[in-house]
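First the structure, in the form of structure tokens, and then the observations on it.
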């Protein structure tokens, strides 16, 4: 898949799906279906027009691109969203971006898509334009509830990664660089890779999770490690099952399969170790290693 900035995109006939597509969930996939080009925004427009209301995101642009590529899309066009772009009227967006710059023949959006200055443009305005065909996709339901990025964020925040996966159409992923920690996991017999996640992105609620890192199973702890005084804030600790080696400086992608338990305080290191053994056994059962 080709990834280009809007300014570098050459005009040609395109079937375009337009949206923020944070998470690339099952509703987004319906919008994207049949399109050869996806048009998205970076950063999320709220970070520019209402930063106090900007959410933590489900996907970085890098991960979003990977998920979109898996849908068979030929091209991802990225609008570098800034205050100047935010001032465009809906008509200017249609004329300058969709028609003149990108040569849209078909445009696909979700029914709640808004665009242009003060978000006054909507799907009906697109459908009224005769220069391209417009496909307006109704909101998608899964398990009796509407699928939305905000709903998925709420599930992730509460640790409900299995419910989130049903709405996403796949496991929630967290990506981060392995950094040096205080080596406490090693002293307990469970050496962990400590991740430094992007603070702009969602992180599952405190607890212990059964995960995959590539083809390998991992037990992952997220929290503040209440049994010990760390003073380090949020910790993401990845214990790769049956692995020995140095991961410092590497970037890991963690796929959250299931929540094993909430974060707990233990009266002793021995009690914690016993529970960690149980967590690893359960992870093996769930991941199949």
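No value in this document is a laboratory result; all are computed from the given coordinates. The structure displayed is predicted, hence computed values, not measured ones. A quick note on method: Cβ atoms are made from the backbone with ideal geometry, for glycine too, and the neighbour counts reach across all protein chains shown.
For residue 139 and residue 52, the difference between the fully extended length at 0.36 nm per residue and the C-alpha to C-alpha distance is 28.7 nm. Across the chain, C-alpha contacts under 8 Å between residues 6 or more apart give a mean separation that, scaled by the residue count, equals a relative contact order of 17 percent.
Applying D = kT/(6 pi eta Rh) to the chain, where Rh is the Kirkwood radius over alpha-carbon pairs, T corresponds to 25 °C and eta to 0.890 mPa s, the Stokes-Einstein value obtained is 118 µm²/s. Taking segment 77-116 and a reference point 7 angstrom along Cα→Cβ of residue 11, the backbone N atoms nearer than 17 Å belong to 92-106. Model label sites at residue 158 and residue 36, defined 7 Å from Cα along the beta-carbon direction, differ in position by 4.4 nm. Placing R0 at 22 angstrom, the Cβ-Cβ distance between residue 250 and residue 199 gives a FRET efficiency of 0.65 after rounding to 0.05.
Normalising the average separation of contacting C-alpha pairs (under 8 angstrom, six or more residues apart) by the number of residues puts the relative contact order of segment 79-123 at 45 percent. What the Cβ-Cβ distance of residue 151 and residue 3 gives, at R0 = 30 Å and to the nearest 0.05, is a FRET efficiency of 0.60. Normalising the average separation of contacting C-alpha pairs (under 8 angstrom, six or more residues apart) by the number of residues puts the relative contact order of segment 2-146 at 31 percent. Every helix of 4 or more DSSP H residues in the chain counts as -39500 (n - 2.57), and over all residues that averages to -6500 deg cm²/dmol at 222 nm.
So if I take the centroid of the Cα atoms in segment 33-109 and the same for segment 240-260, what is the distance between those two points in Å? Each part reduced to its Cα centre gives a spacing of 32 Å.
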